[in-house]
1. Any residue that is out of contact with any strand residue (DSSP E or B) (no Cβ under 8 Å at 6 or more places or on another chain), surrounded by fewer than 19 Cβ atoms within 10 Å (Cβ to Cβ) and of a type in the set (D, E, K, R) - is there at least one of those in segment 132-146?
2. Restricting to segment 154-172, and then to whatever is under 22 Å from residue 106 (Cβ atoms) and of a type in the set (Gly, Ala, Ser), can you tell me which residue is surrounded by the fewest Cβ atoms within 10 Å (Cβ to Cβ)?
3. Only strands (runs of 3 or more DSSP E) wholly contained in segment 16-120 count here; list those with 1 or more residues that are out of contact with any helix residue (DSSP H, G or I) (no Cβ under 6 Å at 6 or more places or on another chain), among the charged types (D, E, K, R) and surrounded by fewer than 21 Cβ atoms within 10 Å (Cβ to Cβ).
4. Have a look at 244, 269, 196 and point out the one that is modelled with pLDDT of 95 or more, touching a helix residue (DSSP H, G or I) at 6+ places or on another chain (Cβ under 6 Å) and not charged (D, E, K, R).
5. Could you list, in sequence order, all residues of segment 193-233 that are among the hydroxyl-bearing types (Ser, Thr, Tyr) and within 13 Å of the chain's Cα centre (by Cα)?
6. Please state which of the following conditions residue 175 fails to meet, knowing it meets all the rest: (1) surrounded by fewer than 20 Cβ atoms within 10 Å (Cβ to Cβ); (2) within 20 Å of the chain's Cα centre (by Cα); (3) of a type in the set (Phe, Trp, Tyr).
7. From the list 217, 199, which residue is surrounded by fewer than 17 Cβ atoms within 10 Å (Cβ to Cβ) and over 19 Å from residue 57 (Cβ atoms)?
8. Tally up the residues in segment 51-89 that are acidic (Asp, Glu) and touching a residue at least 60 places away in the same chain (Cβ under 8 Å), please.
Amino acid sequence: MSAAPGLPASIPRDAFRPVDCGLCGSSERRLKFEDGPFSVVTCESCGLTYVTPRLSDASLIDEVYNEGYWRSDAAKDRGYTDYAADEPLYLRTYRRRLSVVKRHFPQPGRVLDVGCAAGFFLSIAQEAGWDVTGLEPSDAIRARAERLIGADNVRAGLLGEVEFEPGSFDLITFWDVIEHIPDTAAALRVARGLLAPGGKLLVETQNVNSRAAKLLGKRWQHYKHAEHIYHFNPDTIARLFDEAGFEILENTPWLGGKYVSMGFIAERAGRLHPILSTLLSPLNLLSKSAVYVNLFDEMIIVAQPSA
C-alpha cells in the first residue's frame with residue numbers, strides 16, 4: 001500500500017480497512033479515481049460518493065485530528081495550514097453565516113455545535129445572545145475553544161458518547177463536520193433526540209455534484225481522503241436526513257463561502273498545478289489581506305424533525 005496523502009508513512013496498513021456504502025450499505029460501486037491507497041467511489045445503489053479503504057474508526061481521532069491537522073505542512077491533503085492563526089477570517093465568515101440562523105430563529109436560544117474546533121462559530125453565536133455549548137473530540141484544539149467561549153461551555157468527546165439531557169437544544173449545528181463522521185445517520189438521530197420542541201438542525205457540507213467539483217475533478221479542494229470520507233450531493237443528503245427523521249426546510253449554497261487569505265489562495269492553487277502556486281506566491285506578501293470566496297460547492301441545510 002502506498003503512502004496516504006498527508007498522513008505519516010508510519011501508520012500501519014491494518015489501520016486502513018475497506019468499507020461499503022455508509023448510506024445504503026451496498027458494496028456495488030463505480031470508481032471515480034484512485035489516489036495513493038485510497039479509492040474515491042460512487043455507490044451504484046444510492047449515489048453516495050465515499051472513500052475506501054479508510055482509517056478504522058478508532059484510528060481517526062489519533063491519526064488524523066492531532067496537532068498536525070490544525071497546523072499542517074500539507075493542507076491541500078489534510079487539515080489546515082494554521083487554523084488558529086486564521087481566527088479573524090473564521091469570525092468574519094461566521095458573522096456572515098449567522099444570517100441563516102437568524103432566518104429561522106428570531107430570538108436566540110440554546111445551541112450545540114458538534115465538532116466546534118476552536119469555537120469560532122460559537123463565539124459569534126454567544127456574541128449574538130445564544131447560550132452556547134461546544135462538543136470537540138480533538139485535544140489539540142479544544143483548549144482554544146475553552147479560552148474563547150469559556151471552559152464550562154465546551155465538552156470533550158464524540159456525539160453519542162457525551163451525555164446531554166434530551167431536548168436540551170434549540171439548534172444543533174454541524175459546520176464542515178458530517179463528511180468526517182463514519183456513521184452519519186446515527187449522529188443525526190442522536191441530534192434529533194437532543195432537540196427541544198421546535199428545534200432545528202443546521203448542517204454544512206460539500207456538494208460533490210457542484211459545478212466546481214465537476215470542473216476541478218480529482219483536484220477539487222475537498223478531496224482530502226483521510227478526513228473527508230463522504231461526499232454528499234443534494235439527493236444523498238436528502239436521503240440521509242429522511243432516514244434520520246428530518247424534513248429539510250432549505251438547502252442553499254449562498255452563504256457557503258468563506259473569507260480566505262491571499263496566501264491560502266496561492267497554496268490551494270498548487271493543487272491545480274505546482275507552477276500556479278509558484279506564480280501566485282507573491283500573494284503571500286498580502287497574507288493579512290482577505291477576500292470572500294464562494295465557489296457554490298457547499299450546501300447549508302436547515303432541517304426540523306419530521307412529524
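The values are calculated or read from the model by the stated rules, or taken from the named source; none is laboratory data. All of these numbers come straight from a predicted model, not from anything done at the bench. As a convention, Cβ positions derive from the backbone with ideal geometry for all residues, glycine included, and neighbour counts pool all protein chains shown.
1. No.
2. To start, the set of residues in segment 154-172 that are under 22 Å from residue 106 (Cβ atoms) comprises 167-172.
Next cut, of a type in the set (Gly, Ala, Ser) only: 167-168.
Numbers: 167: 13, 168: 15.
If we take residues in segment 154-172 being under 22 Å from residue 106 (Cβ atoms) and of a type in the set (Gly, Ala, Ser), then 167 is surrounded by the fewest Cβ atoms within 10 Å (Cβ to Cβ).
3. On the way: elements: 29-35, 38-43, 49-52, 110-114.
Filter on segment 16-120 gives 29-35, 110-114.
4. So the residue among 244, 269, 196 that is modelled with pLDDT of 95 or more, touching a helix residue (DSSP H, G or I) at 6+ places or on another chain (Cβ under 6 Å) and not charged (D, E, K, R) is 244.
5. Filtering segment 193-233 for residues among the hydroxyl-bearing types (Ser, Thr, Tyr) gives 205, 210, 223, 230.
Residues satisfying the conditions are 205, 223, 230.
6. Status for residue 175: all satisfied but (1).
7. Values: 199 fails: surrounded by fewer than 17 Cβ atoms within 10 Å (Cβ to Cβ).
Testing whether each residue is surrounded by fewer than 17 Cβ atoms within 10 Å (Cβ to Cβ) and over 19 Å from residue 57 (Cβ atoms) leaves just 217.
8. Final tally of qualifying residues: 5.
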